[in-house]
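The structure under discussion appears below in the form of structure tokens.
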Amino acid sequence: MNQIIALKGLSPGSSTAYAAPSRPQDAAITTEIRLLSACGEIRQAWTELAARAIESNLFFEPDFALAAAQHLIAFRDAAVLLAWQGPVGSPQRRLLGLIPCFPRNRLFVPDELIGFSDRRIFNGAPLLDAAQAQAVLAAVLSLRQGWVLEGRGLVLRQIDMASPLIAPIRRAAETLGLGTTLIPANLPIPLRHGAPTPSDIEAMRHALAQRGKLELVEATSRTELRDAVEILLAMEASGPKGRAGKAVLQDTREVGFLRAMTRALACSRQSRVALLTLDGRPIAGALVIGRAKGGWLYMAAQDESEAPFFPGQVLFPEQVLLALMRQAAPERTILQPAPATSGPGAVSFGEIRLSPRVTRKPRDLAGRARAALRRGLRLPPARAAG
């Protein structure tokens, strides 16, 4: 049975290490597979890797990922493929790569290693040491050189097509004789009423100001952030999502994750909650997660009682709030996972597939299918004819 699939029998906290080749001028790189929920003990090494990563990714850093593994069912079976340099127990040992993944066992095609994806994750880039990204990828991909059927050896989803990861991925795949395919995601669907222009937002802001004192209030302490999160959750639950039973506050696991995640990120100043108030009453709120210069709009809600004042403007209070946040801190960028329209500043995400280049002869396919069947039934490999 393939070593990747053996992961399905792991218990939390267990792990298995596999030697993999590395660049001759470097110390050996070894790979290890363990459950995401069992990675709390490597938190320091994980955090250090995140700071050195060729592409930073909040969604695969400890504060977000461990909170998700603790509270959300979708993350319960997630695994991580770790790349280490240096002997176990050595103070010089470093974590060089972390790829969250879902191993998948298929009966008549090779097992697949698929990068973890979920609706709560807006960026699927794994964490790879910037100085050794290609060596780490070569170590990881070399585990799959024997998988030579038409199945996909490695799939990474929700990847920025302009990511600095693309170049080392291509070079590592070329070295190992693997094919690389980039598949851009479909173009985003425009909003039903179109995205508001800056003049529209200014007109809406002026109309609100005519009805009372309009203020942008941003939490500045952990206590204020905690209270602002609860206001945002209550606001969402009082709207259409609440009536449909899909609000975060109505899901025990989801609300537990969001509270734990925002508290953890607040320690490193990576979570911001802003409220738009009218005469002191919150009418819209937004949660942005990420570092100061670039954060993701993770959640936004508005007071539905304001809708009758602006018929046809579905996202109006939220848009005004985001505009005010950008004006208050123009050096910060607020990214959205699914932009309503494409444009010069739009980020194009897609999928990267790495697969073997093989000749698909019927005899070879039949033999590999039999081998896959034996692996699936956990039978010993067939003996070669003597």
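The values are calculated or read from the model by the stated rules, or taken from the named source; none is laboratory data. Remember, it's a predicted structure, so these values are computed and weren't measured experimentally. Using ideal geometry, Cβ is built from the backbone for each residue, glycine included, and neighbour counts are taken over all protein chains shown.
Structure notes:
- Put simply, of LEU225, LEU275, LEU249 the only residue that is closer than 20 Å to ARG119 by Cα and aliphatic (A, V, I, L, M) is LEU249.
- Whichever residue in region 181-201 is over 22 Å from MET325 (Cα atoms) and modelled with pLDDT under 70 and, among such residues, is surrounded by the fewest Cβ atoms within 10 Å (Cβ to Cβ): ASN186
- Just so you know, in region 123-160 the residues that are under 23 Å from the mean Cα position of the chain (by Cα) and modelled with pLDDT under 75 include one that is nearest to ARG93 (Cα to Cα), and it is GLY153.
- Candidates GLU41, GLU48, GLU55 - the one that is among the acidic types (Asp, Glu), closer than 14 Å to GLY124 by Cβ and not assigned by TED's automatic domain parsing to the domain that holds VAL255: GLU55
- Only one of the numbered conditions (1) over 24 Å from MET299 (Cβ atoms); (2) at pLDDT below 90; (3) surrounded by 15 or more Cβ atoms within 10 Å (Cβ to Cβ) is violated by MET204, and that is (1).
- Residues within region 112-122 that are surrounded by 21 or more Cβ atoms within 10 Å (Cβ to Cβ) and within 14 Å of the chain's Cα centre (by Cα), tallied: 4
- None of ALA79, ALA51 is under 23 Å from ILE166 (Cα atoms), surrounded by 21 or more Cβ atoms within 10 Å (Cβ to Cβ) and under 18 Å from the mean Cα position of the chain (by Cα) except ALA79.
- Verdict on ALA69 being among the small types (Gly, Ala, Ser) and either modelled with pLDDT of 95 or more or touching a Gly at 6+ places or on another chain (Cβ under 9 Å) (or both): yes
- Of residues in region 296-324 being crowded, with 21+ Cβ neighbours inside 10 Å and either outside the structural domain of THR277 (by TED's automatic domain parsing) or assigned to a strand (DSSP E or B) (or both), the one modelled with the lowest pLDDT: GLN302
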